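The values are calculated or read from the model by the stated rules, or taken from the named source; none is laboratory data. If you're wondering where the values come from, they're calculated on a predicted model, not measured in any experiment. When we count neighbours, we look across all protein chains shown, and the Cβ atoms used for this are built from the backbone with ideal geometry, even at glycine. Quick note on the areas: whole protein, heavy atoms, side chains included, nothing else; ligands and nucleic acids left out. Shrake-Rupley method; radii C 1.70, N 1.55, O 1.52, S 1.80 Å.
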Amino acid sequence: GENVEQHPSTLSVQEGDSAVIKCTYSDSASNYFPWYKQELGKGPQLIIDIRSNVGEKKDQRIAVTLNKTAKHFSLHITETQPEDSAVYFCAASISFYGGSQGNLIFGKGTKLSVKP
Amino acid sequence: GAGVSQSPSNKVTEKGKDVELRCDPISGHTALYWYRQSLGQGLEFLIYFQGNSAPDKSGLPSDRFSAERTGGSVSTLTIQRTQQEDSAVYLCASSSSSGGYEQYFGPGTRLTVT
């Protein structure tokens, strides 16, 4: 089955710096890769996602890149702010638009700390 | 609109007791998922409902765990004869098959087995 590895497990950056979190997956059939942000005591919040027919997607300060050949994808956060501090999870699944959607397989998470 | 809701938010139970956790998905979402998040761990898939199809139970850790979804909406996760290792946050997510792939999570139920 699918296995998702995520690195680093902890990341500390200075406010205004960039942060990069990397994930690799094992199942070449996976075609959907979301990223979630989880704050203490809350459920995961979807922040950005990418599908296997796209190499890069950007939303304001957040971007995700996907390399299907190497089976890895990354989250990039620019101009980090203290409110970006949280645990970030990557995930992978096999999903079909308008049809069945597979369960997500998650990485172990990255605790990001942004120091003011 | 309203997001995924879960109840109770916290549950403390004694070892050996049964517990029921409830999930109300986003209105109109046909897919519903249960995940478990143990302390310091990632999220582990438990069970998945899609419309009227038979649920995918491949993630359930033991036969003490079961779930049902009534009327294609509300779901209940039941844990029988709870053990201390069942202590975790149980998260529910829902998704729309007529839309994209996105899964939206509820706030979770924190279960503590003493």
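Which of the residues that make up the stretch B:79-96 are open to solvent by 20 Å² or more (accessible area, probe 1.4 Å) and under 16 Å from B:A31 (Cβ atoms)? The answer is B:S96, and nothing else. Summed over the stretch B:98-112, residues that are open to solvent by less than 10 Å² (accessible area, probe 1.4 Å) and part of a strand (DSSP E or B) total 2.
In the stretch B:71-97, the residues that are assigned to a helix (DSSP H, G or I) reach residues that are hydrophobic (A, V, I, L, M, F, W, C) with C-beta atoms within less than 6 angstrom, at least six apart or across chains, in these pairs: B:Q84/B:V113; B:D86/B:I79; B:D86/B:V113.
Each row is one residue, and each column tells you yes or no for (1) open to solvent by 40 Å² or more (accessible area, probe 1.4 Å); (2) of a type in the set (D, E, K, R); (3) in a strand (DSSP E or B); (4) in contact with a helix residue (DSSP H, G or I) (Cβ under 8 Å, 6 or more places away or on another chain).
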| position | (1), (2), (3), (4) |
| --- | --- |
| A:S12 | yes, no, yes, no |
| A:D17 | yes, yes, no, no |
| A:C23 | no, no, yes, no |
| A:D27 | yes, yes, no, no |
| A:S30 | no, no, no, no |
| A:Y36 | no, no, yes, no |
| A:G41 | yes, no, no, no |
| A:I48 | no, no, yes, no |
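Looking only at residues in the stretch B:34-43 that are more than 7 Å from every other protein chain (Cβ to nearest Cβ) and surrounded by 17 or more Cβ atoms within 10 Å (Cβ to Cβ), the one that is nearest to the chain's Cα centre (by Cα) is B:W34. Is it true that B:A2 is without any contact (Cβ under 8 Å) to a residue 24 or more places away in the chain and either open to solvent by 40 Å² or more (accessible area, probe 1.4 Å) or in a loop (DSSP other than H, G, I, E, B) (or both)? No.
Each row is one residue, and each column tells you yes or no for (1) open to solvent by 20 Å² or more (accessible area, probe 1.4 Å); (2) within 14 Å of another protein chain (Cβ to nearest Cβ); (3) over 22 Å from A:P44 (Cβ atoms); (4) out of contact with any Asp or Glu (no Cβ under 9 Å at 6 or more places or on another chain).
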position	(1), (2), (3), (4)
B:P55	yes, yes, no, no
B:G71	yes, no, yes, yes
B:V74	yes, no, no, no
B:L77	no, no, no, no
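Residue count for the stretch A:60-76, restricted to those that are at pLDDT below 95 and under 26 Å from B:P107 (Cβ atoms): 0. Exactly one residue out of A:T65, A:T69 is open to solvent by 30 Å² or more (accessible area, probe 1.4 Å), of a type in the set (V, I, T) and part of a loop (DSSP other than H, G, I, E, B): that is A:T69.
Listed by first and then second residue, the pairs linking a residue in the stretch A:44-64 that is free of Cβ contacts under 8 Å to residues at least 12 places away in the same chain to a residue that is of a type outside the set (A, V, I, L, M, F, W, C), with Cβ atoms under 6 Å apart and 6 or more places separating them unless they lie on different chains, are A:Q45/A:K37; A:E56/A:T65. The set of residues in the stretch A:88-115 that are part of a strand (DSSP E or B) and either open to solvent by 40 Å² or more (accessible area, probe 1.4 Å) or charged (D, E, K, R) (or both) comprises A:I105, A:K111, A:S113, A:K115.
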